[in-house]
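Trainee: Got a structure here, written out as structure tokens. Questions coming.
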Amino acid sequence: MDTPSPMWRGMRQRIQAFRVGIIVLLVCLFSIPAGFSHIPSVYAATVVGNGTPESCTENALRTAVAQGGAIVFDCGSNSHTITVSDDIVISRPTTIDGGGSQQGGRIIISGGNQTRVFRMEDKQSLTIRNLTIRDGKEPGFGSGGAINGGWRGEVLIENSIFDNNDGRAGNHEQGGGAVFVDIGNLTIRYSLFTNNKGINGGGVHIVGGRLLIEHSVFINNQTESGGSTIHGNGGAVYTDGAGSKFNPGQPAGYTTIRSSVFIGNRAEKTGGAMHLWGYEPDRFLVENVIVKDNLVVKNPEGLAEGGGIYIGGTTFELHNITISNNTSRYQAAGCIFIRPAVPP
């Protein structure tokens, strides 16, 4: 068994209520290479703060983000929370690194349960590394309580935590709980999504773009239908196409989920853990994944399909998946529901 890195220890503490066997397996899956948390020295980073917590303010963060590029923090030796009063706009390629060896870093950025944290302009790129983003809430339109990736955005998330973000506002179909990306690309590595709430995709919602999730954990995320017959899909992850339908003439898009864990997520129509839908020639690959204790309950139309996974519409491969104790509260397919035709 690999020796767990310091970055993994924070995640392990957060799931200690689960049985030891699961935890040991996660340590094997998610040990992080040494030096993963550091920005290469070639980058000249903008520093938020001058060594004290008081210097690390919302205004200081906004000023740094407006310049784009690499951003790091000097807020003292302890963890520090920056609460924003309105979403911070990403208008240039930006990398935000919270520092620290533990998962989620030393910096917490909070929406205070009042506002989304980051909103990307179209065709921009954002990297979130060693950061905790929590309590983000978009009060008007949903579409990502923590991050709205804009149109054709590029989002990379590494060694970070997304907790208690809410994308349900407006009961909009694009209401991803933590992260929403529209016809862009989303990569998530070594990260933890907990207690996020959305309309479609309690943790992640991506439309028509490539998705890669690896070495990550999704716990207690959920979707709600809001009384609609088309909402409430994908308790942790929701995809609608991987690119080909929305980019005519382009090569197939790919959705890949590997070496990750989905525990205790809940949906109110399809896919207690994940709802994966594609269009030929899109391709899906799910491998080395644990899907445990997830739940789907019926929506107003009476649908409750795929307590663990709902997948279909295109070619997919499933390898070495553990599906255990998932439940469909109303219909069949407590483990996995495969639909070859157009989804309802």
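The values are calculated or read from the model by the stated rules, or taken from the named source; none is laboratory data. All values reported here derive from a predicted model rather than from experimental measurement. Because the Cβ atoms are built from the backbone with ideal geometry, glycine has one as well, and the counts that use them run over all protein chains shown.
Trainee: With the checklist (1) closer than 19 Å to G167 by Cβ; (2) surrounded by fewer than 24 Cβ atoms within 10 Å (Cβ to Cβ); (3) in contact with a strand residue (DSSP E or B) (Cβ under 7 Å, 6 or more places away or on another chain) in hand, flag the one item F141 doesn't pass.
Mentor: (3)
Trainee: Check G334 against each of (1) within 19 Å of G177 (Cβ to Cβ); (2) surrounded by fewer than 24 Cβ atoms within 10 Å (Cβ to Cβ) and name the one condition it does not meet.
Mentor: Unmet condition: (1).
Trainee: Return the residues of the range 107-150 that are over 17 Å from the mean Cα position of the chain (by Cα) and assigned to a strand (DSSP E or B); say none if nothing qualifies.
Mentor: Taking the range 107-150 as the starting set, the residues that turn out to be over 17 Å from the mean Cα position of the chain (by Cα) are 107, 112-115, 121-124, 139-141.
Answer for the range 107-150, where residues must be over 17 Å from the mean Cα position of the chain (by Cα) and assigned to a strand (DSSP E or B): just I107.
Trainee: Only residues that are among the hydrophobic types (A, V, I, L, M, F, W, C) and in contact with a Ser or Thr (Cβ under 8 Å, 6 or more places away or on another chain): list them for the range 157-196, please.
Mentor: Keep residues of the range 157-196 that are among the hydrophobic types (A, V, I, L, M, F, W, C), which gives 157, 161-162, 169, 178-181, 183, 186, 188, 192-193.
Within the range 157-196, I157, I161, F162, F180, I188, L192, F193 meet the criteria.
Trainee: I've got another one for you. Would the range 102-124 turn up any residue that is surrounded by fewer than 24 Cβ atoms within 10 Å (Cβ to Cβ) and in contact with a helix residue (DSSP H, G or I) (Cβ under 6 Å, 6 or more places away or on another chain)?
Mentor: Start the filter on the range 102-124 by keeping residues that are surrounded by fewer than 24 Cβ atoms within 10 Å (Cβ to Cβ), which leaves 102, 106, 108, 110, 112-115, 119, 121-124.
Keeping just the survivors that are in contact with a helix residue (DSSP H, G or I) (Cβ under 6 Å, 6 or more places away or on another chain) gives 102.
The answer is yes, given that some residue of the range 102-124 is surrounded by fewer than 24 Cβ atoms within 10 Å (Cβ to Cβ) and in contact with a helix residue (DSSP H, G or I) (Cβ under 6 Å, 6 or more places away or on another chain).
Trainee: What's the total number of residues in the range 233-270 that are among the small types (G, A, S) and within 21 Å of H215 (Cβ to Cβ)? Working first, answer last.
Mentor: Applying the first criterion (among the small types (G, A, S)) to the range 233-270 yields 234-236, 241-244, 249, 252-253, 259-260, 264, 267.
Imposing the further condition that a residue be within 21 Å of H215 (Cβ to Cβ) reduces the set to 234-236, 242, 259-260, 264.
Selection size over the range 233-270: 7.
Residues are listed down the side, and each one gets a yes or a no for (1) surrounded by fewer than 24 Cβ atoms within 10 Å (Cβ to Cβ); (2) more than 10 Å from the chain's Cα centre (by Cα); (3) not charged (D, E, K, R):
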{"position": "I157", "(1), (2), (3)": "no, no, yes"}
{"position": "F162", "(1), (2), (3)": "no, no, yes"}
{"position": "G167", "(1), (2), (3)": "no, yes, yes"}
{"position": "G176", "(1), (2), (3)": "no, no, yes"}
{"position": "F180", "(1), (2), (3)": "no, no, yes"}
{"position": "I183", "(1), (2), (3)": "yes, yes, yes"}
{"position": "S191", "(1), (2), (3)": "no, no, yes"}
{"position": "G202", "(1), (2), (3)": "no, no, yes"}
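Trainee: Go through the range 315-344 and count every residue that is part of a loop (DSSP other than H, G, I, E, B) and modelled with pLDDT of 90 or more. Can you show your working first?
Mentor: Start the filter on the range 315-344 by keeping residues that are part of a loop (DSSP other than H, G, I, E, B), which leaves 325-326, 329-335, 340-344.
Applying the additional criterion that residues be modelled with pLDDT of 90 or more yields 325-326.
Final tally of qualifying residues: 2.
Trainee: When the range 90-106 is examined, which residues are found to be under 18 Å from the mean Cα position of the chain (by Cα) and either under 21 Å from P53 (Cβ atoms) or outside any strand (DSSP E or B) (or both)?
Mentor: I96, D97, G98, Q103, G104, G105
Trainee: Could you tell me whether V65 is more than 20 Å from the chain's Cα centre (by Cα) and in a strand (DSSP E or B)? Even if it seems obvious, please write down each step before you answer.
Mentor: Details: more than 20 Å from the chain's Cα centre (by Cα): yes; in a strand (DSSP E or B): no.
It is false that V65 is more than 20 Å from the chain's Cα centre (by Cα) and in a strand (DSSP E or B).
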